[in-house]
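The values are calculated or read from the model by the stated rules, or taken from the named source; none is laboratory data. Since the model is a prediction, treat every value here as computed from it, not as a measurement. So basically every Cβ, Gly included, is an ideal-geometry build from the backbone, and we count neighbours across all protein chains shown.
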Amino acid sequence: MQLTVVGAYLPRLDQARLSRWIADDVVSFKKTIRELRERGVTQTTDEEIELRAEELPEELNSDLQQVALFEVEVLGNSKVFVGTSFQERKTTAVSWEPVYLSLSGEEVICDKSDAPPELQEFRVAFYIHDWPQDGLLDGPLGELPLPPFSPLPERLWKLAPYSLVD
């Protein structure tokens, strides 16, 4: 199996886009909770929804100022691929919320926590919390060289959205 980091991204490099994503996420949160209430899944009141929505921007911004998102190309996979098998060497923070993408990186191809062995060529995108400035990325086969960091591309804001740690 061959692993290559094809993208290293810091959401904080584009503060305007980061702010828009947070605002959109809060709107989506409120809509989702209200829909769940209508279906009887939750009894959350409008007041509780609004209170939580007021807290979210600060929490999301705090996290997104510190995370890095990596996009790794996987070639020659022949077994279950564990997307949480990456970590930052010094902090030992592990990959968070892996998303399996097509080889082009343009669409999600698997919505499971691990990729099945039938997926032989794909990309996996994941966040690592508290990424240090001089961080080192270790994967299942050892250290992975990193390209220079850049702002998150628009497609990854949509395909690999950030989720708060509960």
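Observations on the structure shown:
- When restricted to residues that are surrounded by 12 or more Cβ atoms within 10 Å (Cβ to Cβ) and either farther than 24 Å from ASP63 by Cα or at pLDDT below 95 (or both), the range 115-129 contains 6.
- Inside the range 76-125, residues that are free of Cβ contacts under 8 Å to residues at least 40 places away in the same chain and part of a loop (DSSP other than H, G, I, E, B) make up a count of 12.
- So ARG155, is it in the same structural domain as GLU97 (by TED's automatic domain parsing), free of Cβ contacts under 8 Å to residues at least 60 places away in the same chain and not in a loop (DSSP other than H, G, I, E, B): yes
- Among the residues making up the range 126-152, those that are outside any loop (DSSP other than H, G, I, E, B) and of a type in the set (Gly, Ala, Ser) are GLY139, GLY142, SER150.
- Remark: GLU73 matches the filter, which requires a residue to be modelled with pLDDT of 95 or more, of a type in the set (D, E, K, R) and crowded, with 16+ Cβ neighbours inside 10 Å.
- In the range 23-50, the residues that are part of a helix (DSSP H, G or I) and charged (D, E, K, R): ASP24, ASP25, LYS30, LYS31, ARG34, GLU35, ARG37, GLU38, ASP46, GLU47, GLU48, GLU50
- Test: residue in the range 129-150 that is touching a Gly at 6+ places or on another chain (Cβ under 8 Å) and of a type in the set (D, E, K, R): no
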